Structures are given as C-alpha cells and as structure tokens.
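A short worksheet on the structure shown next.
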Amino acid sequence: MAKIILFDFDGTLFNSKKLAAEMANEWEKNCHISLQVTESVFNNYSSSLTASLDFNPEDFIISLSQETNVDREKIAAVLQQEWLYQEAIFDQADKILVTLKKKYQLGIFSQGVGSWQKLKMEKSRLLPLFEQDLLFITRRKTTLEFLQTLPEDSVIIDDNLAVIEDLVKFGKFKVFWIDRYGNQQMNFKEVQRVTSLAEFVTKLEN
Ligand SMILES: [Mg+2]
C-alpha cells in the first residue's frame, strides 16, 4: 500500500491570511465596507472566541452585517468567490499534490470549524486531491484521542511548532516542519525542517 502523507491545511498548503486580506478588499469594493471597519469587527468577533481556530465565517458575517447594515447575503456572496481561494494556495500546492498523488496516498490533518475548513478545501479545488477516508479534521487536532485515529507511520507536514511538538511527543509519525518565514528555532532532531513544499518533496524522496 502506498505510503500516507497528511498535510496540515492553513499555513502549509493554504495562505489563510492572504484569503482574509483579499476578502476584506472585496467587501470594500462590493459592499462599501472600509478595511478599518472589517478589521475592527473582526477584532471584536475574535476576542469573543476561545481561540482563533474557532473562527466561523457565518458568525462573522452576521456581526459584519449588524455593524454596517449591509445586507447579509451581499456580504456572504464574497465568501463564494472561488478565485479568492485559488489565489491563496501556497507554492503551486495543487501541482505538487497532483505529482505526489501518483506515489502516495494524500490526506489532511487540520483543525478548526469543520464546515469552514471544508469550504476552503472545496473552493481552492484542493479537496479532490485527497482520499476521502484520510480527511482528519477536528476542532483541536493534537488531543491524544484524535492522534490515535491517524494511521501509524504517516508522514505529517505542519507549519505550527506547537503542533510539531505534540506530534513528536506522540511518536509514530515521520514529521516535517514547514517554516515559511524562517524566524523560529526548532530543537527536535527527529523533525525535518523545510521552507517550501518543493523542498519537502526533495527531502521526502531522500
Ligand atoms: Mg497550520
């Protein structure tokens, strides 16, 4: 059976910060909501959450509509624009995944609100590149219970050092850390550090 690779989504395959910035631009253009207003509604909404990964666009849209009196449907329409998601893919991840898919079974190891994670995967058109039974998506992904559901000996790539640390402690996986900005120290000898998906592919083959 082909070896399994599980990809973190946000920050590894997908630039969620770029998506958020582009959406704010679209709300300004299409709904005349200034960037400052979007940012301040976002900050207020975020401070009501336990963690940023509890972000739910449907709730955010309700807040933005209430604060601006702009029709909710009009704000929500921006969320449906596929090109926003396609432009937020890192490193031509789609092409790299298509190549890897010839040799490996590809899956997802992601955390957040499930419907939002799935929407980003669908609209970016990355979702069909993964095996249906290898989509590991939950609100908090490093709990022991959840890690136990992942196939042993999977390769896992993630950008979050706290997640990397939990994966190392758990053992049972071959872990890659994607450090896109190169500004953090990492002391795990068993983890391979890469700065791009292309470098990941090179190191994977060696
Ligand atoms: Mg991430």
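The values are calculated or read from the model by the stated rules, or taken from the named source; none is laboratory data. Everything numeric here is computed off the predicted structure, so don't read it as measured data. Here the Cβ positions follow ideal geometry from the backbone for every residue, glycine too, while neighbour counts run over all protein chains shown.
When Asn15 is tested against (1) over 23 Å from Asp91 (Cβ atoms); (2) within 16 Å of the ligand (Cβ to nearest atom); (3) not acidic (Asp, Glu), only condition (1) is not met. Look at (1) surrounded by fewer than 18 Cβ atoms within 10 Å (Cβ to Cβ); (2) touching a helix residue (DSSP H, G or I) at 6+ places or on another chain (Cβ under 9 Å); (3) within 19 Å of Gly11 (Cα to Cα) and you find that Lys95 fails only one, number (2).
Among the residues of the range 167-188, those that are within 13 Å of the ligand (Cβ to nearest atom) and either assigned to a helix (DSSP H, G or I) or out of contact with any Phe, Trp or Tyr (no Cβ under 7 Å at 6 or more places or on another chain) (or both) comprise Leu167, Trp177, Asp179, Arg180, Tyr181.
Go through Thr68, Thr50, Thr38 for me and flag whichever is outside the structural domain of Leu167 (by TED's automatic domain parsing), exposed (fewer than 12 other Cβ atoms within 10 Å of the Cβ) and out of contact with any strand residue (DSSP E or B) (no Cβ under 8 Å at 6 or more places or on another chain). Selected residue: Thr50, the only one of Thr68, Thr50, Thr38 that is outside the structural domain of Leu167 (by TED's automatic domain parsing), exposed (fewer than 12 other Cβ atoms within 10 Å of the Cβ) and out of contact with any strand residue (DSSP E or B) (no Cβ under 8 Å at 6 or more places or on another chain).
Checked against the criteria, Ile108 counts as within 16 Å of the ligand (Cβ to nearest atom), in the same structural domain as Val201 (by TED's automatic domain parsing) and under 27 Å from Leu161 (Cα atoms). Taking (1) within 16 Å of the ligand (Cβ to nearest atom); (2) on the phi > 0 side of the Ramachandran plot in turn, Gln92 satisfies each apart from (1). Among the residues of the range 98-121, those identified as more than 12 Å from the chain's Cα centre (by Cα) and surrounded by 13 or more Cβ atoms within 10 Å (Cβ to Cβ) are Leu100, Lys101, Tyr104, Gln105, Leu106, Gly107. Among the residues of the range 134-163, those that are under 22 Å from Ala2 (Cα atoms), more than 10 Å from the ligand (Cβ to nearest atom) and not in a loop (DSSP other than H, G, I, E, B) comprise Leu134, Leu135, Phe136, Ile137, Leu147, Val155, Ile156. Note on the range 22-53: residues that are in a loop (DSSP other than H, G, I, E, B), free of Cβ contacts under 8 Å to residues at least 24 places away in the same chain and not small (Gly, Ala, Ser) amount to 2.
When residues in the range 73-100 are screened for being in a helix (DSSP H, G or I) and more than 19 Å from Ala21 (Cα to Cα), 9 of them pass.
When the range 18-35 is filtered for residues that are among the aliphatic types (A, V, I, L, M), surrounded by fewer than 19 Cβ atoms within 10 Å (Cβ to Cβ) and within 16 Å of the ligand (Cβ to nearest atom), only Ala20 remains.
Once the range 1-21 is narrowed to residues that are among the basic types (Lys, Arg) and in contact (Cβ under 8 Å) with a residue 12 or more places away in the chain, the residue that is farthest from Phe136 (Cα to Cα) is Lys18.
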